[in-house]
Amino acid sequence: MEPLYQYAWLIPVLPLLGAMLVGLGLISFNEATNRLRQVNAVFIISLIGASMVLSFALLWSQIQGHEEYTKMIEWAAAGNFTLQMGYTLDHISALMCVIVTTVAFLVMVYTDGYMAHDPSYVRFYAYLSIFSASMLGLVISPNLVQVYIFWELVGMCSYLLIGFWFDRKAAADACQKAFVTNRVGDFGLLLGMLGIYWATGTFEFDLMGERLEGLVSSGMIAPALAALFAVLVFLGPVAKSAQFPLHVWLPDAMEGPTPISALIHAATMVAAGVFLVARMYPVFENIPVAMTTIAWTGAVTSFLGATIALTQNDIKKGLAYSTISQLGYMVMAMGIGAYTAGLFHLMTHAYFKAMLFLCSGSVIHGMEEVVGHDPVLAQDMRLMGGLRKYMPLTSLAFLIGTLAICGIPPFAGFWSKDEILGLAFEANPSLWLVGWLTAGLTAFYMFRMYFMTFEGDFRGNDMDIRAELSAAVAPVFGPGAMDVKELDHDSEDHGHDDHGHSEYPHESPLTMTLPLLILAVPSTLIGLLGKPWDNTFEGFIYAPGEVIEEVSHFDWTEFGIMAGNSVGIALIGITIASLMYLQHKIDPKAIADKFPALYQFSLNKWYFDDVYNNVFVMGCRRLARQIMEVDYRVIDGAVNLTGLATLVSGEGLKYLENGRAQFYALIVFGAVLGFVIVFSVV
């Protein structure tokens with residue numbers, strides 16, 4: 001097995017090589033490279049496929065008990081300071097490599113059908129490949145500095161992919177918003193890294209935790225200072241994993257093509273934040289303030305995302321807020337010490353959320369045949385309905401994903417979410433209550449999406465609804481998001497007709513539906529690895545002795561009560577959604593009219609975008625204007641005054657230049673006499 005580990009560095013390098021070669025082709029031989037669309041796609045998919053095979057082999061080796069493998073080289077040295085780079089393969093990194101490569105592989109296969117008519121098809125594949133390489137490099141990084149390098153590469157790739165259709169202002173705004181928001185968190189991460197290094201003298205994860213704990217216990221560092229360092233580091237995951245209050249970029253990331261939405265939300269960028277919390281766990285677990293901050297940040301985020309998703313009409317934005325909510329569960333689990341439960345939900349969520357996003361892309365692909373390439377109309381669930389009849393495979397996959405995320409047994413989400421809720425109840429009943437209520441909201445808004453999209457009658461041909469939606473400027477889009485006034489996506493730019501040419505949508509091609517059906521398998525079955533009475537997943541992440549001790553205390557009665565509560569609240573949410581959107585026995589509009597403040601609060605996303613726009617965007621502009629006034633009046637004024645003084649003095653002195661030495665001597669004598677008199681008086 002050793003040769004396998006010695007060549008594990010190929011896992012991120014292969015997709016990076018593919019992106020580099022295709023990118024060079026686009027730069028040097030653009031027309032020829034773009035003509036070889038399928039060749040480039042097969043090349044890049046083959047490379048990520050090779051990385052996937054190698055990842056599975058390494059995971060199998062770790063399951064069989066192979067010890068952790070680390071390969072390091074000296075990267076930089078100055079005096080006593082030495083910085084090493086390399087890669088590490090342990091249980092977590094092997095698992096994350098499999099998650100990233102499998103989702104990326106299926107997304108790339110799906111992309112062939114979804115982006116078939118896009119003129120930038122090849123460029124999109126190159127971006128996907130470097131994005132996957134960046135995330136794979138991050139998960140095998142052995143120290144915090146290397147994580148930070150790939151962390152920034154992931155952020156750069158997200159900027160390129162969210163703004164892929166950069167000719168549309170909304171997409172350009174969205175990628176800038178994502179980039180700037182993440183810079184806020186990354187600045188905190190950098191400060192925290194430097195602070196911990198100042199205290200511990202290392203960037204190695206385990207050593208940082210051990211040394212920081214020793215320094216705090218010996219009184220050499222104040223507990224408050226250690227907590228400050230830990231919270232600053234946590235700011236990085238807050239931004240990357242879209243946690244409150246830096247969550248605002250993720251819904252706007254829907255401006256990118258749907259395949260990248262699936263990759264960002266499932267296995268790459270947002271997963272990076274949770275993964276970093278897991279890697280930094282040796283530091284966080286010894287600092288109670290940091291753990292409490294992490295737990296409550298996750299809880300608030302999960303509830304916030306769920307309440308906003310209740311009123312979303314854009315299918316992709318609804319799923320985006322669902323992702324924010326589920327990420328909150330993962331972060332909350334990390335904060336209460338449920339380390340394996342958080343990673344378990346990260347794994348199950350990666351598969352069913354990737355499938356849900358790819359299903360939404362399939363729906364949009366079908367709707368464009370009816371309403372034309374108008375993202376507002378093609379993604380608006382109020383124009384859908386009855387699609388199960390026309391898109392049976394997509395509807396089946398979406399239903400499986402919906403059942404999984406709602407926590408209905410035996411689907412994957414039930415086991416991971418129920419484990420988090422059970423451990424949250426033991427740690428802090430208040431956190432459990434927030435998570436439990438969020439589970440009910442999740443079931444409601446997810447089945448609301450399913451019923452509005454796939455059940456009932458098709459509404460896409462109702463010209464009155466289409467005209468009403470086209471004329472309205474929906475408040476759900478907000479600053480930097482999709483706006484009906486900014487629809488520059490015409491057929492010339494992206495290879496689509498402006499108007500639909502079919503009366504009803506149709507099922508997507510095999511390249512799009514096959515990944516959905518493949519992802520449906522882990523979305524259904526992979527949760528069984530975490531059965532609480534035989535938790536194979538926890539046995540893999542933790543030492544076997546610890547798991548045997550926990551299993552010996554397994555209480556079926558307790559499990560039945562906790563599981564019954566979580567499934568019960570989910571069934572209540574599903575029932576209410578059915579009464580509103582399937583059977584139409586409850587009128588949602590009447591409820592919205594009865595509680596307009598709450599409805600607008602959710603519809604306008606808790607007004608975060610408006611507050612941030614007024615406080616930070618407009619505030620920075622006002623500050624910039626004041627600085628410009630200082631620059632204009634003070635700095636420029638001083639420069640101009642200096643020039644004027646020079647000009648005036650030069651104009652005056654030129655009349656004293658007559659070429660007579662006696663006159664110059666008289667001036668010197670007068671000046672000296674003047675100085676003597678002045679100093680004598682003083």
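The values are calculated or read from the model by the stated rules, or taken from the named source; none is laboratory data. Computed from a prediction, not measured in an experiment: that's the story for all the values here. Quick reminder, even Gly has a Cβ in these numbers, built from the backbone with ideal geometry, and neighbours come from all protein chains shown. Keep in mind that these areas ignore ligands, DNA and RNA; they rest on the heavy atoms of the full protein, side chains included. Shrake-Rupley method; radii C 1.70, N 1.55, O 1.52, S 1.80 Å.
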- prompt: Of all residues in region 413-465 being polar (S, T, N, Q) and surrounded by 24 or more Cβ atoms within 10 Å (Cβ to Cβ), which is farthest from G328 (Cα to Cα)?
  reply: T453
- request: Report yes if some residue within region 102-112 is of a type in the set (D, E) and farther than 24 Å from I264 by Cβ; otherwise report no.
  value: no
statement: The residue that is most open to solvent (accessible area, probe 1.4 Å), considering only those in region 365-386 that are farther than 16 Å from L510 by Cα and in contact with a Pro (Cβ under 8 Å, 6 or more places away or on another chain), is E369
- request: Return only the number of the condition from (1) touching an Asp or Glu at 6+ places or on another chain (Cβ under 9 Å); (2) at pLDDT 90 or above; (3) under 21 Å from T323 (Cα atoms) that M381 does not satisfy.
  value: (2)
- request: Scan region 174-184 and give yes if some residue there is surrounded by 23 or more Cβ atoms within 10 Å (Cβ to Cβ) and more than 17 Å from the chain's Cα centre (by Cα), otherwise no.
  value: no
Count - residues of region 592-615 that are assigned to a helix (DSSP H, G or I) and surrounded by 13 or more Cβ atoms within 10 Å (Cβ to Cβ): 15
- line: Checked region 619-635 for anything more than 16 Å from T181 (Cβ to Cβ) and either touching a helix residue (DSSP H, G or I) at 6+ places or on another chain (Cβ under 6 Å) or open to solvent by less than 60 Å² (accessible area, probe 1.4 Å) (or both); matches are A624
task: Could you grab me the full set of residues in region 99-147 that are among the aromatic types (F, W, Y), over 24 Å from A278 (Cβ atoms) and open to solvent by 10 Å² or more (accessible area, probe 1.4 Å)?
output: Y114, Y127
message: Looking at region 74-106 only, could you name the residues that are at pLDDT 90 or above and part of a strand (DSSP E or B)?
response: M85, G86, Y87, T88, L89
- request: Please find, within region 247-275, the residue that is surrounded by the fewest Cβ atoms within 10 Å (Cβ to Cβ) out of those that are in a helix (DSSP H, G or I) and more than 13 Å from the chain's Cα centre (by Cα).
  value: T258
task: Name the single residue, out of those in region 276-307 being in contact with a Pro (Cβ under 8 Å, 6 or more places away or on another chain) and crowded, with 21+ Cβ neighbours inside 10 Å, that is farthest from P251 (Cα to Cα).
output: I287
field: Selection from region 229-238 of residues that are crowded, with 24+ Cβ neighbours inside 10 Å and either among the β-branched types (V, I, T) or closer than 25 Å to V611 by Cβ (or both)
entry: V233, F234, G236, P237, V238
- request: Determine the pairs where a residue that is free of Cβ contacts under 8 Å to residues at least 40 places away in the same chain, located within region 158-172, has a partner that is outside any loop (DSSP other than H, G, I, E, B) with Cβ atoms under 7 Å apart, the partner being 6 or more residues away or on another chain.
  value: Y159/C175; Y159/A178; Y159/F179; L160/Y127; F166/A172
query: Is there a residue being in contact with a Gly (Cβ under 9 Å, 6 or more places away or on another chain), crowded, with 19+ Cβ neighbours inside 10 Å and under 23 Å from T181 (Cα atoms) anywhere in region 214-228?
result: no
statement: Here the qualifying pairs (Cβ atoms under 9 Å; residues six or more apart or on different chains; first in region 321-346 and within 22 Å of L246 (Cα to Cα) and of a type in the set (D, E); second surrounded by fewer than 24 Cβ atoms within 10 Å (Cβ to Cβ) and at pLDDT 95 or above) come out as none
field: From G560, G564, residue being modelled with pLDDT under 90, open to solvent by less than 50 Å² (accessible area, probe 1.4 Å), on the phi < 0 side of the Ramachandran plot and more than 31 Å from the chain's Cα centre (by Cα)
entry: G560
- request: Name the single residue, out of those in region 572-596 being hydrophobic (A, V, I, L, M, F, W, C), modelled with pLDDT of 90 or more and out of contact with any Pro (no Cβ under 7 Å at 6 or more places or on another chain), that is nearest to F458 (Cα to Cα).
  value: L582
- request: May I ask you to list the residues in region 226-246 that are in a loop (DSSP other than H, G, I, E, B) and either under 20 Å from A126 (Cα atoms) or among the aliphatic types (A, V, I, L, M) (or both)?
  value: A242, L246
- prompt: Quick one: would you say K585 is farther than 14 Å from G440 by Cβ, among the charged types (D, E, K, R) and in a loop (DSSP other than H, G, I, E, B)?
  reply: yes
- prompt: Which condition number does I627 fail, the rest of (1) touching a residue at least 60 places away in the same chain (Cβ under 8 Å); (2) assigned to a helix (DSSP H, G or I) being met?
  reply: (1)
message: Please verify whether G407 is under 25 Å from the mean Cα position of the chain (by Cα) and open to solvent by less than 10 Å² (accessible area, probe 1.4 Å), treating the condition exactly as stated.
response: yes
field: Unmet criterion (only one of (1) open to solvent by 40 Å² or more (accessible area, probe 1.4 Å); (2) touching a helix residue (DSSP H, G or I) at 6+ places or on another chain (Cβ under 7 Å); (3) of a type in the set (A, V, I, L, M, F, W, C); (4) farther than 21 Å from T202 by Cα) for F150
entry: (4)
query: Can you tell me which residues in region 381-404 are under 23 Å from the mean Cα position of the chain (by Cα) and among the hydroxyl-bearing types (S, T, Y)?
result: T402
task: Please work out which one of (1) open to solvent by less than 80 Å² (accessible area, probe 1.4 Å); (2) at pLDDT 90 or above; (3) under 22 Å from F352 (Cβ atoms) is the condition L525 fails and give its number.
output: (1)
message: Where the second residue is open to solvent by 40 Å² or more (accessible area, probe 1.4 Å) and charged (D, E, K, R) and the first is closer than 20 Å to A439 by Cα and lies in region 572-589, which pairs have Cβ atoms under 9 Å and are six or more apart or on separate chains?
response: S578/K585; L579/K585; M580/D587
- prompt: Does any residue in region 404-425 that is more than 20 Å from Y445 (Cα to Cα) come within less than 7 Å, Cβ to Cβ, of a residue that is among the hydrophobic types (A, V, I, L, M, F, W, C) and in a loop (DSSP other than H, G, I, E, B) six or more places away or on a different chain, and which pairs are these?
  reply: I420/A338; L423/I336; L423/A338; A424/I336
- request: Could you list, in sequence order, all residues of region 116-165 that are more than 16 Å from P259 (Cβ to Cβ), of a type in the set (F, W, Y) and in contact with a Leu (Cβ under 9 Å, 6 or more places away or on another chain)?
  value: Y148, F150, W151
task: Filter region 1-52 down to residues that are of a type in the set (S, T, Y) and over 25 Å from the mean Cα position of the chain (by Cα) and give me whichever is least open to solvent (accessible area, probe 1.4 Å).
output: Y5
query: Which one is modelled with the lowest pLDDT, of the residues in region 107-138 that are part of a helix (DSSP H, G or I) and among the charged types (D, E, K, R)?
result: D112
